[in-house]
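The values are calculated or read from the model by the stated rules, or taken from the named source; none is laboratory data. Bear in mind that the values here come from a model prediction, so they are computed numbers and not experimental data. A quick note on method: Cβ atoms are made from the backbone with ideal geometry, for glycine too, and the neighbour counts reach across all protein chains shown. Please note that ligands, DNA and RNA were not included when accessible areas were found on the heavy atoms of the full protein model with its side chains. Shrake-Rupley method; radii C 1.70, N 1.55, O 1.52, S 1.80 Å.
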Amino acid sequence: MENRGDSARGTRDQALRHVREHFADGAQYIAGRPAKGTSGRTHTVVDPATGDEIHTYELAGADDVDSAVAAARDAFPLWSAATPGERSDALHRFAAVLADRAGEFALAESLQCGKPLKLSREFDVPGTIDNTAFFAGAARHLQGQSAGEYSGDHTSYVRREPIGVIGSIAPWNYPLQMAAWKILPAVAAGNTIVLKPAELTPLTSLLFAASATEAGIPDGVINIVTGTGGQAGERLVAHPDVAMISFTGSTPVGKRVAEIATGTVKRLHLELGGKAPFVVFDDADIEAAVHGAVAGALINTGQDCTAATRAYVQRPLYEEFVSATADLMATVRLGDPFEPGTDLGPLISYAQRDRVAGFVDRARTHARVVTGGAAPQHLKGAYYLPTLITDAAQDSEIVQSEIFGPVLVVLPFDDDDDGIALANDTPYGLAASAWSRDVYRAGRATREIRAGCVWINDHIPIISEMPHGGYRASGFGKDMSAYSFEEYTQVKHVMFDNTAVARKDWHRTVFGDR
Ligand code: NAD
């Protein structure tokens, strides 16, 4: 009989074969076709669960970015002139192709990221299909102000128009969903796009673009350039034919992108880092809070911009919360992402694993590591144990900086004012949660926590209809929802003279007498 290890190996081999066949023609996708990068440099995608090489590809250089932008510019007149109904139909067909290929997408995403297959299958891929269907619908629901005679002599109305060629840059943590969040609202609104995925994880963005072609979305509407941030990324941001930059990534790189984009006066959309608080009031359902904290902190091995990273627990529940959370964390199963029983995969790379370990090791000198705090000895990939830390100072690095790993810090607070003040005490403001059975306490948390999303008695769920985006150092602009669709349009005021009079009364304020 086949044992569980054999079945995981079989699934990985299937994913590898598919990736190698599919990407043999290169890791760029320009004008509806795969292409090889011409930077003269290569990058090897590594399976973080094993350290094995998956695929080596030629990185994009400035010339490839220029070709992709030219393809997007050429495709713009036709695509922007398509009716909302035509764009909507194309996106519905796209959603159907994605649904047919759901299995392939899940395998490729798990292979390149080390995500447990259940996460790719139950979160990344269905979320992406749903997003595609949502934007297919949204394409037909562009809303504007009513037209009217706001000056007695004129009729005014507002047109919402696509912006042009959008340049998008995405991170490695949810490569497929990030590609979808950037591409779908942009093309639904009639723009064309050049997306640069993270060089570590290009595979599903490329599959996504190829699926769009298969669905009949015209060549050049969606282009992918896979290169480094410094080379392909900066060229895209500075490109004179790119009208808007939509960036998701870390706050320091976002600042650099903003600097470059300002030089060519581009519209900017920045989805940056996070350090989400998780505030547990003393009337909370502790079992729910403990389960929520473990799921919220460990999703995607903690490499989630909204992950629960700082739990503040009101003093009466604090000790019980720490011990129950540590106990539950210890039950989480690390292992092969292709093994059905695996809960937690590796980090994206050995470098990221070492970065996370560095944060924890520095914290050890002044805080207490209750559980975890090490790489497991029995696994060869870039794994790190679920880690719970207490007794850290609020102003310490482990509490203030984005770690992007399976690490939760738990600290106590006394009264509600303190809990909310601590939640707001980092530069970030992407997401937060509050846990209470008291509607007034929960309501206060939703008003006073400064973040783009506040969950009550849950942490993590997202839906296509609702916006995702930050406050403060977490950036500005919204992904998903009708709000993001609007960001990819610009508003034009159109004003018609209704008088047909050559010598208009108002001209006398400029020349002549009354
Ligand atoms: P990163 O900032 O290092 O890189 C993001 C992207 O920017 C990559 O494609 C990279 O190649 C590119 N890049 C790097 N330098 C560049 C430059 N000088 N010019 C142009 N592009 C450049 O981030 P990462 O490590 O890939 O991803 C993790 C970060 O992303 C975390 O901070 C996380 O919070 C954030 N994130 C935010 C959201 C959100 O919605 N707010 C979602 C996912 C991830």
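A few remarks follow.
- Heavy-atom SASA rank of Thr489, Thr42 (probe 1.4 Å, accessible area, largest first): Thr42, Thr489
- Residues whose amide H falls under 5 Å from that of Val313, counting only those 5 or more places apart or on a different chain, are Val280, Leu411, Phe413, with hydrogens built in the peptide plane.
- Accessible surface of region 276-456 [probe 1.4 Å, protein heavy atoms]: carbon and sulfur percent: 52 percent
- Computed with every protein chain present, the accessible area of Glu149 is close to 110 Å² [probe 1.4 Å].
- Angle between the chain longest axis and helix 251-263 axis [Cα atoms, degrees, rounded to 10]: 20 degrees
- When the helices of the chain are scored as -39500 (n - 2.57) per DSSP H run of n ≥ 4 and the total is divided over every residue, the value at 222 nm lands at -12000 deg cm²/dmol.
- Loop-located GluC sites (Glu not before Pro) in region 1-62 (DSSP state other than H, G, I, E, B) with a sparse environment of at most 14 neighbouring Cβ atoms within 10 Å: Glu2.
- Looking at region 470-514, the chymotrypsin sites (Phe, Trp or Tyr not before Pro) that sit in a DSSP loop and have at most 11 other Cβ atoms within 10 Å of their own Cβ are Phe511.
- Shape of region 64-189, Cα gyration tensor, a/c cut at 1.5: prolate
- Taking a ≥ b ≥ c as the square roots of the eigenvalues of the Cα gyration tensor, region 126-282 is rounded, since a/c falls below 1.5.
- Size descriptor for region 276-456, Kirkwood hydrodynamic radius: 16.3 Å (Cα pairs only, one decimal).
- With DNA, RNA and ligands ignored, accessible area of Thr262 (1.4 Å probe; Å², nearest 10): 90 Å²
- Accessible area in square angstrom per residue, the chain, 1.4 angstrom probe: 41 Å²
- Normalised by residue number, the volume inside the convex hull of the Cα atoms of the chain is 177 Å³ per residue.
- With every protein chain in place and a 1.4 angstrom probe, the accessible-area ranking of Glu86, Glu339, largest first, reads Glu86, Glu339.
- Rounded, prolate or oblate (a/c below 1.5 giving rounded, otherwise prolate when a/b exceeds b/c) for region 191-341 by Cα gyration tensor: prolate
- Across region 253-378, the mean sequence separation of Cα contacts (distance under 8 Å, 6 or more residues apart), normalised by length, yields a relative contact order of 20 percent.
- Heavy atoms of Met495: accessible area, 1.4 Å probe, square angstrom to 10: 100 Å²
- Charge dipole magnitude, Cβ of K and R +1, D and E -1 - the chain, Cα centre, debye nearest 20: 1180 debye
- The chain: relative contact order in percent, alpha carbon pairs under 8 Å with at least 6 residues between: 17 percent
- Angle in degrees between helix 125-138 and the longest Cα principal axis of the chain, rounded to the nearest 10: 20 degrees
- When you restrict to C-alpha pairs under 8 Å that are six or more residues apart and normalise by the size of region 276-456, the relative contact order lands at 29 percent.
- For the chain, the longest principal axis of the alpha carbon atoms and the long axis of helix 175-188 meet at an angle near 20°.
- Listed peptides 136-148, 384-396 by packing density, highest first (mean Cβ within 10 Å): 384-396, 136-148
- Beta bridges per DSSP with both ends in region 276-456, % antiparallel, nearest 5: 10 percent
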